[in-house]
Structures are given as structure tokens and as C-alpha cells.
Amino acid sequence: MIPFLDLKAQYSQIKPEIDAAVARVVSSGHFVLGPEVTAFEGRFADYCRTAHCRAVNSGTSALHLALLAAGVGPGDEVITVSMTFVATTAAILYSGARPVFVDVDPVTWTMHPGSIEAAITPRTKAILPVHLHGLMADMDPIMEIARRHGLVVIEDAAQAHGAEYRGRRAGSIGDLGCFSFYPGKNLGAFGEGGAVVTDRPELAGRVSLLRDWGQEAKYDHVIPGYNYRMDEIQSAILNVKMDYIERWTEARRSLAERYNALLSDLPLARPQPPRDARHVYHVYAVRLQRRDDALTLLRDAGIGAGIHYPVPVHLQRAYAELGYRAGDLPVTEMLANEFLSLPIYPEMRAEQAAEVVSTLRNAAACGPAKPSATRRSIHKAS
Ligand SMILES: *Cc1c(COP(=O)(O)O)cnc(C)c1O
């Protein structure tokens, strides 16, 4: 049995510190937007190398408020990708704007910069690239196009804590960067959490207002807002974990190197990162043609493999009204059929990676799996 991820293993390593942090909050009597949140915001802004961080109650809320802070609203269009978790699209719709999908690059698996300009219209307000699986989108050409057309850039960095692109951290290149601290993310709370980072004080100020009912002072509501506040217990837990995030990220990266070496002779494709990229391996994904057979064989061997994501957002029934059809985003659709995510988490041992690969090797050698066995429920991973 090798799970896709193991949250209990991480807790058992840091249990005394976590338990003390939670107890400290419980006895302080201060539960929402207090000193733990402020301390976390300072640390996370430093980590992202941005001037400001505002913690909120989920990654989805972070995206929603980043869009609102940037002035995105009804009648606007936001260019994004369909190869992502649905939250990216949902947040655009919450803002009242319309998501416009462009395809991903078959080499990097992230937003294809060459497809952006054809999607720009007079209504386009923002570009929202996603740093898929922990590898940053090709930000230099994206920023260049955005600046030329006067568009805002919001990074969906929910899978990319600490990832780098040409020496710059995820979240620090666009106008705003959005993170999730859902438990399975690279930095995970013990519940929900998220953050917006930015270098621009006026954008940070707007996020502060929007997350707490538009209040400038208690009961002085200057704009309509939301209850998107982060609580003290989650911040206290994240403050403990900030001491470990780099160690855990390096553990993911060395497991990924192990996988790369072990898989080097198999006919699998991996994303080719842009130059000087630091991939943080939220997900270790490979591409292979007989993906469903491989997935079935891994799962039958007790290995928690997954797919991120099996059905792209533009083909989800929930978003049928956007009017996209199969064939509209050929690379996205091809990747959805060929992606396979192997287990990876900081506490995983190198021998376990070797076991995953030897099972995958057998899978490659086996004939087609029984069709009935390929219809398993999709594993929820992140
Ligand atoms: C997890 C995730 C989100 C949403 O974050 P939540 O904290 O679950 O709301 C958004 N975008 C991407 C790419 C994600 O992986």
C-alpha cells in the first residue's frame, strides 16, 4: 500500500509544536483575524518575496478577491486555462466576468503564451495563468502581452508554494498571486485557508476590506464585502509549518529526481520546464498513451495514483453554458486523457518511489486491462 499522500505522517512529525500552537489560540480567546494571522501574513509575504500578504479562508476566496481588487466585474473577460481545478473558473464567474479559455502548451503543460493574443477582445480585463502541478507558467511572455494590452495578471499559485521562474517566486510576478492552504496542498492548514500576495499596497488594502465585510473600522462599512476571513487556529498551524516548508519542498524535489531517473527508459513524457524553473511537485505527473490501463494496474497493486485532471473545466457539465465543445482545446483534452499522477509527499521514502516504478514497468509490459476495471471512481487528491 502506497497512498497518494499521507497527512498523518506529517502531523506525527510535528505533533508537539502543532498541539501547543492550537492550545495557545484556544486559551487566548482570539479566534479570527488576530496576531497569528498577522504573523503568518508577514512570513508568507517574505516567503513569496512580495511586499504584502492577506490571508483568507480558501484559495477560491483568494482568487475571487484578487479579481475584485483588480476591478474585474460584469461585462469583463478573463483569459485563463481549462486544465486546472474548477475553482479557477468558478472564481471568475463569481466576480461576474466571463472566463475565456486558451489552450495549454504541449511542452510545459501550462498556458500557451502564443494563444493569448487571439483571445483578447475589447472586454478583456485580466489574464489568469495557473501554475499546474507546482510548475510555473511561462510568465515572461505572459507579462509582456499583458503590459502591451494594459491587462491585469493574476497568478493561480494554489499548487505552487515556493515555485520559481527565473529566480522569482510564484505569486510575485503578476499583479496579484493566489494561494490555497487546503490540507493536501504543499502548505496545508488543518481545514480551509488561502492567501493573496501582491507588491501593490492599494490592492492589498482592497483585499483587506473585501475579506472583512468592507469594514474600515468596526461597523464602518465603506464597500460591500464578504466574510472571507482566516481564523487564528489555521494561521497558528501554518506558522508552525512555515519552519518546514522548504525542507518538505526539497524532499518532494528529490523524490521527483528519483522518479525521473527510474522512469528514464520508459516511453513517458514529462513537462519541460521553462529555463531556470523550480518545480515544487505538488503533483508528479507523467503522460502516457495507455493511461487508463496503467492507472488500473497501479490501483490494483494498492498504489494511490490519480489524474489531475481527468475532465477539463470546459467539458464539465457545470460549465456547459460557457458554450465550449470537445475539440475546442485539443492539447488540454489530449493531456486529460494521458495524464497520470504518481504518489508524492515529503514523507514518502525512496524505496516506495522505486516500488511505484516497478509496478508501472509491469503495467507497461502487460496487455490491455479489462475495460470494467478502468471505470473506478476518480481519486480526490489535492
Ligand atoms: C486547490 C486549488 C484551488 C482552490 O483552492 P481552495 O483552497 O480549495 O479553495 C484553486 N486553483 C487551483 C489550481 C487549485 O489547485
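The values are calculated or read from the model by the stated rules, or taken from the named source; none is laboratory data. This one's a predicted model, so the numbers in the text were calculated from it and none came from an experiment. A quick note on method: Cβ atoms are made from the backbone with ideal geometry, for glycine too, and the neighbour counts reach across all protein chains shown. Accessible surface is based on the protein model in full, side chains and every heavy atom, while ligands, DNA and RNA are left aside. Shrake-Rupley method; radii C 1.70, N 1.55, O 1.52, S 1.80 Å.
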- Computed for the chain: size of charge dipole around the Cα centre, +1 on C-beta of each Lys and Arg, -1 on C-beta of each Asp and Glu, debye to nearest 20, value 520 debye
- Message: Taking the Cα centre as origin and putting +1 on Lys and Arg beta-carbons and -1 on Asp and Glu beta-carbons, what dipole magnitude results for the stretch 245-366, to the nearest 20 debye?
- Response: 120 debye
- Calculate the tail of P(r) for the stretch 170-209: the fraction of all Cα-Cα distances greater than 10 Å, expressed in %. 70 percent
- Task: Would you please state which residues of the stretch 318-339 a label at residue 289 would reach in this model, taking the label point 7 Å out along Cα→Cβ and a backbone N cut-off of under 20 Å?
- Result: 330-339
- Item | Length released on extending from residue 49 to residue 266, taking residue separation times 0.36 nm less the Cα-Cα span | 74.3 nm
- Task: Quantify, in whole percent, the carbon and sulfur part of the accessible surface of the chain (1.4 Å probe; protein heavy atoms only).
- Result: 53 percent
- Dipole of the chain, positive direction: furthest Cα of 38, 309, 242, with charges on the beta-carbon: 309
- Alpha carbon centre of the stretch 117-182 versus the stretch 298-350: separation in Å? 21 Å
- Note on the structure: Burial-style ranking of 357-363, 44-50, average other-beta-carbon count within 10 Å with highest first, yields 44-50, 357-363
- Once every DSSP H run of n ≥ 4 in the chain is given -39500 (n - 2.57) and the sum is divided by its residues, what mean residue ellipticity at 222 nm do you get, rounded to the nearest 500 deg cm²/dmol? -12000 deg cm²/dmol
- Query: Sorted by mean Cβ packing within 10 Å, highest first, what order do the peptides 32-41, 238-247 take?
  - Reply: 32-41, 238-247
- Query: Any idea of the accessible area per residue across the stretch 245-366, 1.4 Å probe, to the nearest Å²?
  - Reply: 44 Å²
- Note on the structure: Treating only Lys and Arg (+1) and Asp and Glu (-1) as charged, each at its beta carbon, one finds that the stretch 192-273 has a dipole about its Cα centre, in Debye to the nearest 20, of 240 debye
- Message: With viscosity set to 0.692 mPa s at 37 °C, what whole-number translational diffusion coefficient in µm²/s follows for the chain from Stokes-Einstein and a Kirkwood radius over Cα pairs?
- Response: 154 µm²/s
- Message: Can you compute the label reach from residue 275? Point 7 Å from Cα along the Cβ direction, backbone N cut-off under 16 Å, restricted to the stretch 121-156.
- Response: 138-142
- Provide, for q = 0.10, 0.20, 0.21 Å⁻¹, the log10 of I(q)/I(0) from a solvent-free Debye sum over equal Cα point scatterers in the stretch 245-366. -0.35, -1.14, -1.21
- Note on the structure: Between the residues 11, 225, 165, the Cα farthest towards the positive end of the dipole of the stretch 7-242, that dipole coming from +1 and -1 charges on the beta-carbon of Lys, Arg, Asp and Glu, is from 11
- Task: Could you rank the peptides 229-235, 102-108 by their average count of other C-beta atoms within 10 Å per residue, with the highest value first?
- Result: 229-235, 102-108
